[in-house]
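As structure tokens, the structure follows; a few thoughts come after it.
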Amino acid sequence: MNRKHGLRDYSVIYNDKLGMGYILPDTVDINCFIEQIPVEIGDQTIQPNSETTLLGYFDIKPAKYIGMLGNEMIFHLGGTEDLFENKQYYLSLIKVTDIRIFSMFSHKAGRDFNLVNNKWK
């Protein structure tokens, strides 16, 4: 693993308003950049390497919470394989408070989500 690069070198903005994340080749271990610590959201404590809907934020399929990068919660979305390179996809959500998160939709814009009556609004 080449440590002279930071995780931000792999940042992307996903399509369809999914938000900001990271696409990493298999040669880069995300665990070198993040802290594998629990995170509290709403009335839940989410443990690293556990599947979560994040209180309904991931409404179609749960995502795997990996850990924190500063104030970013990092979720593993899956991977792809092709003839040239295997890639892993991660989503980043900024934790503002236990009931407020922020998702970047472009390099200059994002959306604030507040947990109201156990729903993200």
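The values are calculated or read from the model by the stated rules, or taken from the named source; none is laboratory data. Model, not experiment: these values are computed from the prediction. Every residue, glycine as well, gets a Cβ built from its backbone with ideal geometry; the counts of neighbours run over all protein chains shown. SASA here: full protein model, heavy atoms, side chains in, ligands and nucleic acids out. Shrake-Rupley method; radii C 1.70, N 1.55, O 1.52, S 1.80 Å.
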| request: Test Tyr89 against the stated conditions and say whether it is more than 22 Å from Asn118 (Cα to Cα) and either open to solvent by 50 Å² or more (accessible area, probe 1.4 Å) or at pLDDT 95 or above (or both). | output: yes
| query | Does Leu7 fit the bill of being under 15 Å from the mean Cα position of the chain (by Cα), among the hydrophobic types (A, V, I, L, M, F, W, C) and modelled with pLDDT of 90 or more? | reply | no
| remark: Checked the stretch 17-56 for anything of a type in the set (Ser, Thr, Tyr), touching a residue at least 24 places away in the same chain (Cβ under 8 Å) and within 12 Å of Phe75 (Cα to Cα); matches are Tyr22
| task | Find all pairs meeting these conditions: Cβ atoms under 6 angstrom apart; at least six residues apart or on different chains; first residue within the stretch 92-115 and touching a residue at least 12 places away in the same chain (Cβ under 8 Å) and more than 12 Å from Tyr57 (Cα to Cα); second residue assigned to a loop (DSSP other than H, G, I, E, B) and open to solvent by 40 Å² or more (accessible area, probe 1.4 Å). | result | Ile94/Asn71; Lys95/Asn71; Phe105/Lys17
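One line per residue, one yes/no per condition, for (1) of a type in the set (Val, Ile, Thr); (2) open to solvent by less than 40 Å² (accessible area, probe 1.4 Å); (3) touching a strand residue (DSSP E or B) at 6+ places or on another chain (Cβ under 9 Å):
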residue: Val39; (1), (2), (3): yes, yes, yes
residue: Gln44; (1), (2), (3): no, no, yes
residue: Ile66; (1), (2), (3): yes, yes, yes
residue: Asn71; (1), (2), (3): no, no, yes
residue: Phe75; (1), (2), (3): no, yes, yes
| task | Go through (1) touching a residue at least 12 places away in the same chain (Cβ under 8 Å); (2) closer than 18 Å to Pro48 by Cα one by one and return the number of the condition Gly78 breaks. | result | (1)
